[in-house]
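Notes follow the structure.
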Amino acid sequence: MFHVKHRDFDIVIVGAGHAGTEAAHAACRMGVKVALVTFRHGDIGVMSCNPAIGGLGKGHLVREIDALDGIMGRVADKAAIQFRLLNRRKGPAVRGPRVQADRALYQAAMLAEIESTPNLSVIEGEVVDLLAEADGRITGVALADGAEIRAGATILTSGTFLRSLMHIGSEKSVGGRMGAAASIKLADRILDLGLRIGRLKTGTPPRLKANSIDFSGLERQAGDADPTLFSFLHDKPFAPQISCSITHTNAATHDVIRNNLERSAMYGGMIDGTGPRYCPSIEDKVVRFAEKDSHQIFLEPEGLTSDLIYPNGISTSLPADVQQDYVNTIKGLEKAEIVQLGYAIEYDYVDPRGLTSGLQVRGVPGLHLAGQINGTTGYEEAAAQGLVAAVNAVRSIWGEDAVHFSRSESYIGVMIDDLTTRGVTEPYRMFTSRAEYRLMLRADNADTRLTPLGAAVGCVSAERLTEFNQKHDALAAMKTRLEAVDLPAKTLRELGTDVKEDAQTRTGYDALRLQDCDVDKIIAFVPSLTADHRSLVERLQCDAIYEFYIERQIREVDMVRANEALTIPRDLQFSSIGGLSAELVSKFEAVQPETLAQAARIEGVTPAAVVNLLAAIKRDKRRAAS
Amino acid sequence: MEDTIFALATAQGKAGVAIVRISGSRALDVLESLGAKAPPPRGSRLTLLRDADGEILDHALTLFFAEGASFTGENVVELHLHGSVAVVRAVLRTLGNGGIARMAEPGEFTRRALMNGQLDLTQVQGLGDVIEAETEGQRKHAMRVMGGEVAERIGRWRRDLVRAIALTEATIDFADEDVPEDVSHEVRALVTKTRDAIDQELTTAGGVARLKSGFEVALIGAPNAGKSTLLNALTKSDAAIVTDVAGTTRDIVEVRLDINGLPVTLLDTAGLRETDDKVERIGVERALARATRADMRILLYEDDIPPLWPIDKHADDMIVRTKGDLSGDHDAISAHDGRGLNELLAKIGERLSCRIADTGLISTERDQIALRAALSDLDTVLANLDFDDPDLIALRLRDAATSLQGIIGGVDVEQILDEVFSSFCIGK
């Protein structure tokens, strides 16, 4: 449809999934002109897997995206039909917001965001090639219809479209997800770049017709009465709230699956990609955990008006008749109709160790990769990478250095460092246990950690920054106020805490740290505090709880930061550094660490190697200075 | 701000003077915590060092080098101590427990000197090699020690800790899935096992402590089996009374001797027999109790048929026939003509040396400090297991693993996740 040459974009983004949309919006927030290329306009904002956003680790990522003024959190809030804060009764650092989302509402909210964004052009078409200059710099993309889109930087967010194969039993078909064509030509072009490629697999469950399910005898799970939203800008749900149902597999289900294992693509040896350990197919579960006679299934509604149910927990690559048989053995699903069969998909991914911390392909200026193509799984992981890739792509055309997201400051930093330093062996998903500074990286303080950084980078709007600054000041003022309140043991006991009668007098702030401190009682006791102050006091309580525990972490973080400040010159020849074993040289060359801290985290690196590397950095700096 | 660190700068062992170096912004605070006043920069002061309870550690010469004019470029305090193993140990332990400074990593002083520009690059060239040698030496030492029983023990700590962390992490990261809500029972069992093993390692198997206090070897056997005679022959002294009246030795006679350079206390115990004599019966009971506590037991007998062990036999224990000059048995020893005595001494020496090698793993003060830190973390976990949130429990378990890192290696998040995924069926 476009036969003219577009030369007037700063950034072109291929793919309008979660990584692509987040990237496009972020680049536009920084004030540049962006083209977002997608097969079909209707693909924008599609949730191709389960209808949920957030969770443990993942919810933290969404909060961080929101703190950087990204769109995923705002869109998810608008589409949410059930809010649940996971681990609500555990420590604040491991509480993860999660929502069930209405697919249609999600897509509508995402489309509205994209369409209302100034300087953002959505272009329908199939990208078949990358445009390159003689020196290898990527300068845009070519479409199937011959049109060319020229841009300062290109971000590929093409998901599982690289050589993907779908499996239902022994039936195979080429394609990224149901109904989407695979970009074979583009895939070949990317494979030609000489990047290391790996193969992964993932699966989906069959989708069921809601009115064919008997919910009457099933356990219900309601959302939180007091919902926690993703966006720091939102305080209450937009859509009506619903409950979900839970059912279980049983011995009969397992018999059907066991009797048909050889007909599964996974077990028939037809798939060679590595699947995620944390999201096994039902075939996997039955084989690997043979002693369990039942597995949990969440029946997630796809939306308020949708007639589809996503049975979370039974992804499969068994043939159609077996899927139907085992589904019907399950309580409540005796008469369930399958609307869309479950399938497994295997696909190529690019080894992310070939990327810089700005997600640029090393040695290929102008080309950034984000999302599933880098070996990750999940909407949230994809969106966060889209944001990082966009910020750094924009900075690259401005001639500025990449922004470093530190492991000690954000889950985004943990993910980028894990991907670029350690690579992936299975689809990479965020867990809170991946963050060694977990107590400091909380969902509730994502704004404090990242909004100032986002503002400095230019991806945070003035309104967001103003709101953040006001909240920041209000928190500081509230802390001072609480610290000025003295609560003797007698009062503390009256407030319901379990302190001894001769316990020391505590300030209001210190009292927040007590095991059974009730924020509402503190508010009621301190004159001039009202229920409106509740969220501020709760936030301070989270800080107070961990204050003494993170001392050791802060020390470590300081050391990590000192080593992060030591950047390794890009042209440093690792092979010319004395005292490094050939093995270490090849490891350094493969990962191309950007800082001393990153080098030290590479598997197998010895303290001696770090010192030798440090000496080489210092030598190089001295030479550069003279 | 970097941590303040300390380490013994001179070689381990007996020497005229031992120097402990402390580097970092809080070096002077460390000195003050020992009850000493700071000397002027580049000056020295002779002063008493005391531990936290005010007990005197040593009368030491202290030196102070101010920031920018020291080896590392940071504030540096040197403690010139009397070169006794006990004094050095006590001082290092006091510093480690003080909480202001921590034990330096291998090569850390030099590394700081480099970071702060106190060394020029030509001096740095060889530094990597030095550190490599140091860590390689440690690795080899560990490998040697870890060849057998110790490797198994360490492997068990590692597995148990990884599992305890994995259980805790599973309740955090997979709270919404088919994971048991309450794992505290198994975590408690695993942590208790590990902390007890570490405690045991620290209290009974400290190689350095053993070298100082020595080993006890108990001679046991029926009356007149020749225990006292053997003791005298071995010690070439008249420390034990030797008579031919059965039941003469009623209390325990101790003699110290040196075997293969190891301090060994030989215990001559009362002959073991049923008796109506009240005093002798107490002697027999004591003999059995003491022999049980000893590091090694040698059961002596005179007749053709070896007796049954009166108490539990341990792997290193020996059974030896005496009075070979009378019986003509070639395997028997004789205190009278000296046959087999040197061989017996050699065997005792060999078996005890093995134990030193085996416990050498934590013979360094650094390892002991690491073990004590881990022990304290694990004790905190146990004390708070019932009411702490799992994020705090996981934090302390990981801290414990970090402390043990030098011995059991770092515990990687992938190993923890492996354990989670192999234990629980997770996945919606």
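Listing for the model above:
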read-out	value
Largest-first principal axis extents, alpha carbons of chain A, Å	79, 76, 50
Stokes-Einstein diffusion coefficient of region B:214-355, Kirkwood radius over Cα pairs, 25 °C, 0.890 mPa s, in µm²/s	163 µm²/s
Formal net charge of residues neighbouring A:Thr432 (Cβ-Cβ distance under 12 Å; K, R +1; D, E -1)	+3
Region A:357-422: chymotrypsin sites (Phe, Trp or Tyr not before Pro) in DSSP loop, at most 16 other beta carbons within 10 Å	A:Trp398
Accessible surface of region A:466-609 [probe 1.4 Å, protein heavy atoms]: carbon and sulfur percent	50 percent
FRET E, pair A:Arg555, A:Ser294, Förster distance 51 Å, beta-carbon r, rounded to 0.05	0.65
Amide H contacts of B:Met103 (H built 1.01 Å from N, under 5 Å, at least 5 apart or other chain)	B:Phe6
Positions from region A:553-597 whose accessible area shrinks by 40 Å² or more when the full protein complex is built, not the chain alone, probe 1.4 Å	A:Arg555, A:Met559
FRET efficiency estimate (nearest 0.05) - Cβ-Cβ, A:Asp235 to A:Ala476, R0 30 angstrom	0.90
Antiparallel DSSP beta bridges within chain A, percent to nearest 5	70 percent
Residues in region B:152-182 that, when all protein chains are in place, have 10 Å² or more less accessible area than the chain alone would give (probe 1.4 Å)	B:Glu169, B:Thr171, B:Ile172, B:Asp173, B:Phe174, B:Ala175, B:Asp176, B:Glu177, B:Asp178, B:Glu181
Largest to smallest principal axis extent of the C-alpha atoms in region A:207-344, angstrom	50, 33, 28
A/B buried area, accessible surface, summed, 1.4 Å probe, Å²	4700 Å²
Length gained when the stretch A:Trp398-A:Thr491 is fully extended (0.36 nm per residue, less Cα-Cα span)	27.6 nm
Along each principal axis, Cα extent of region B:301-341, largest first, Å	31, 19, 14
Average accessible area per residue (Å²) across chain A - probe 1.4 Å, nucleic acids and ligands excluded	38 Å²
Contour minus Cα-Cα distance for A:Glu603 and A:Arg362 (0.36 nm per residue)	84.7 nm
Carbon + sulfur, % of accessible area of region A:207-344 - ligands and nucleic acids excluded, 1.4 Å	50 percent
Two-decimal Rg/Rh across region B:5-117, once Rg and the Kirkwood Rh are taken from alpha-carbon atoms	0.94
Heavy-atom accessible area ranking, 1.4 Å probe, most first, across B:His80, A:His18	B:His80, A:His18
Normalised alpha carbon radius of gyration of the protein assembly as shown [divisor 2.2 N^0.38 Å]	1.13
Hits among lysines - C-alpha to C-alpha of A:Lys292 under 25 Å, sequence gap 8 or more where chains match	A:Lys201, A:Lys331, A:Lys335, B:Lys428
Once the Cα gyration tensor of region A:462-553 is diagonalised, semi-axes √(5λ) in Å	25, 16, 10
Backbone HN-Hα couplings from phi across region A:495-500 [Karplus 6.51/-1.76/1.60, Hz, Gly and Pro as x]	7, x, 8, 9, 8, 6
Region B:5-117 - accessible surface per residue (Å², probe 1.4 Å)	45 Å²
Estimated [θ] at 222 nm from DSSP helical runs (n ≥ 4, -39500 (n - 2.57)) normalised by residues in chain A, nearest 500	-10500 deg cm²/dmol
Reachable lysines from B:Lys227, criterion Cα separation under 23 angstrom, eight or more residues apart if same chain	B:Lys236, B:Lys278, B:Lys313, B:Lys323, B:Lys347
Mean shadow area of region A:566-625, taken as a quarter of the surface of its Cα convex hull (nm²)	3.6 nm²
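The values are calculated or read from the model by the stated rules, or taken from the named source; none is laboratory data. In this text the structure is predicted, and so the values were computed from the model without any measurement. So basically every Cβ, Gly included, is an ideal-geometry build from the backbone, and we count neighbours across all protein chains shown. Note: accessible area is taken over every heavy atom of the protein model, side chains too, but ligands, DNA and RNA are not part of it. Shrake-Rupley method; radii C 1.70, N 1.55, O 1.52, S 1.80 Å.
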